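Just so it is clear, none of the values below were taken in a lab; they were calculated from the coordinates. Remember, predicted model here, so these are calculated numbers, not experimental data. Every residue, glycine among them, receives a Cβ derived from its backbone with ideal geometry; neighbour counts consider all protein chains shown.
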Amino acid sequence: MDGCLKGVFRLGCLAAIVVAAFAVWWFRDPIGRQATHWFGRHSTALPPVADTSVGAPTPTALASAEAKLEALGQRGGPDSVLLNANEVASLIGRGIDCGFPFPAPAVRAMTHRLAGADSSGGVAVQMSPGVARIVVGPVGVILYRHARR
């Protein structure tokens with residue numbers, strides 16, 4: 001093949017590749033279902049969260065938060081405990097029982113980001129009956145056994 005036949009052959013190959021790519025794109029759903037049938041479904045589960053991630057509701061953080069709440073409720077226990085971001089996230093994810101006030105600007109920022117709505121409410125978190133006062137600080141949440149006098 002020499003001369004113009006070479007150019008026609010290349011043009012024909014390019015056209016065949018474009019038509020094949022268009023056909024694959026057009027029939028991508030049935031092709032994907034057939035591939036899933038042959039090779040099995042791939043997992044879409046999220047990877048496990050490391051305990052070192054900030055604000056991650058991990059089982060370790062939940063156990064630590066529950067131990068701190070239990071110690072706060074015991075007679076002769078500490079007067080206050082400091083919960084870090086992971087422990088607070090774990091308590092929020094665990095259950096919803098009583099109100100837990102967040103600063104209004106933080107709530108507005110979160111709701112704007114998540115739902116586009118404005119709110120000045122709180123996030124409900126299940127707390128031990130031994131908690132009398134909650135203070136949200138820059139490094140975490142402090143739970144007090146006694147209310148401020």
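Just a few scattered comments:
- Extension gain, residue 71 to residue 23: 0.36 nm times the residue separation minus the Cα-Cα distance gives 10.8 nm.
- By average C-beta atoms within 10 angstrom, highest first, the peptides 80-91, 18-29, 65-76: 80-91, 65-76, 18-29
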